[in-house]
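> Before I ask anything, here is the structure I am working with.
Computed from the coordinates by the stated procedures, all read-outs in this text should not be read as laboratory data. Since the structure is predicted, the reported quantities are computational estimates derived from the model, not experimental observations. As a convention, Cβ positions derive from the backbone with ideal geometry for all residues, glycine included, and neighbour counts pool all protein chains shown.
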Amino acid sequence: MKLGEILQASTDYFEKRNLESPRLSAEILAARLLNCKRAEIPLKLDMLLSEKLVNAMRRGVMRVGKGEPVQYVIGQWDFRNLTLKIDRRCLVPRPETEELVQLLLDCKPLRAIESPLILDFGTGSGCIALSVASEFPDARVAGVDVCNDALSLARENAQSLNLNDKVTLFNSVEVDLADIFEGGTLHAIISNPPYIPTAACDNLSPTVRDFEPRHALDGGTDGLDVIRYILDESVMLLASGGVVFFEVSAEDNQASDVSRYMSELGFDKINVLKDSSGAERFVTGFLADGV
Ligand code: GLN
C-alpha cells in the first residue's frame, strides 16, 4: 500500500467518525511511524509501506478513531522548542500554554532579577517548567503537582531533555510548600491549573472528557478553586514585586473574577491578556509591597 492511499483511507475513517482535523491526525500518525517531520509527508505520498508499517498505522488509526488524543497515540508532542513524552498521565499541552510561557519570558522586571526562583504550579508533563528552564537559562525552576503519575512523567521528560539539574519537581500534597520555599523568596509563579467548572466537564469534547485526566481539568464549582488556592499561598511565598502568570478559561468571566480576587489580595498592575485566537486567556499581576 502507498502512503498516499493509507492517508486517504485514514482521513475518510476519521471524517466518518466526525473527528476534528482528520487529515492532520492521519499525517501526524504517519510522520511518527516514518520518523519524519509532518512537512515531509506530502513528498512521500508514493512511498510503498511495508505490511508492518501498514498494520502499525491501522492500530494507531483505530485508537484515534475511538476518540483518543493523537498525542497519546504517538506518545509525544512538541511544546515550544521541546519534544515531550506525552501519555495519559498528563494533560496534552495546548498551544495557549506556549503563549503563557512567552508572557513570563517577556516579563522585563523578572528578566532583570539574577537567578530568579520560579514555580510552575500543576506541572503535568512538565511542559511549562521545562520550557522555562530551557529558555530562561539563568532561572531556578521548581514544578509541583498533586499527582504522582504526572510527576513521574515530568521527571522522565526532565531526564531525557537533560534538564533535571535545572528543575526540581515534587508533590505539593506530600510536602508543604512552606517547607520547601522560604517565605517571600519566589520571584514568579506560573500555572495552567485545572479551570473547567465541574458541571461543564461532562460537556467537553469526548477526546478531552474521556481520555485526559479529570483532575487536570476540573477546577471546582466555578472552575477557580485551584487558582484561589495558588493565590492564597502566593501571598506568603512571593517576594514583594513577585509576579504571577495564570492561564484561565475564556468563558464565565474567569479573567475578571481572577483579577478581582488578585486585587483583594494586594496584587497590582493586574493585566488580562488575550490568546492568539482573541480570547481573554491569561491574567498576570505583581504582588505589591506589604503595609
Ligand atoms: N484548555 C483545556 C481545555 O479546554 C483545559 C485546560 C485546563 O483546564 N487547564 O480542554
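> With an 8 Å Cα cut-off and a minimum separation of 6 or more residues, compute the relative contact order for the chain in percent.
It rounds to 13 percent for the chain.
> Over all Cα pairs of the stretch 146-195, how is the pair count split among 10 Å bins, expressed in % and running from 0 up to the last occupied bin?
Each 10 Å bin holds this share of Cα pairs: 20, 47, 32, 1.
> With everything on Cα atoms, drop me the angle between helix 22-34 and the longest principal axis of the chain, reported from 0 to 90° to the nearest 10.
80 degrees
> Separate question: Among Glu264, Glu99, Glu280, which one moves the most in a GNM of the chain with springs linking Cα atoms closer than 10 Å?
Looking only at Glu264, Glu99, Glu280, the biggest GNM fluctuation is shown by Glu264.
> Mind checking Rg over Rh on the stretch 63-160, alpha carbons, Kirkwood formula for Rh?
Over the Cα atoms of the stretch 63-160, Rg/Rh equals 1.00.
> A further question follows. Among the GluC sites (Glu not before Pro) in the stretch 163-233, which ones are in a DSSP loop with at most 16 other Cβ atoms within 10 Å of the Cβ? Mind listing them?
Glu174, Glu182
> Kirkwood hydrodynamic radius, the stretch 163-274, all distinct C-alpha pairs: what's the number in Å?
15.4 Å
> Still on this structure: Springs between alpha-carbon pairs under 10 angstrom, Gaussian network model over the chain: which of Asn157, Asn35, Asn148 fluctuates most?
Asn35
> For the stretch 211-291, what D do you get in µm² per second when you plug the Kirkwood radius from alpha-carbon pairs into Stokes-Einstein at 25 °C and 0.890 mPa s?
Using the Kirkwood radius from Cα pairs, D works out to 185 µm²/s.
> Pick out which of Glu15, Glu98, Glu247 has the largest mean-square fluctuation in a Gaussian network model of the chain, springs linking Cα atoms closer than 10 Å.
Maximum fluctuation in the GNM of the chain, among the listed residues, is at Glu15.
> If I histogram all Cα-Cα distances within the chain using bins 5 Å wide from 0, what percent of pairs lands in each bin?
1, 5, 12, 15, 17, 15, 12, 9, 6, 4, 3, 1, 0, 0, 0
> Report, to two decimal places, the Cα Rg of the stretch 1-153 normalised by 2.2 N^0.38 Å (N = number of residues).
1.26
> Right, next: Quote the charge dipole size of the chain about the Cα centre in Debye, to the nearest 20; the model charges only the Cβ of Lys and Arg (+1) and of Asp and Glu (-1).
1380 debye
> At what distance in angstrom do the alpha carbon centres of the stretch 89-131 and the stretch 249-291 lie from each other?
For the stretch 89-131 versus the stretch 249-291, the Cα centre distance is 16 Å.
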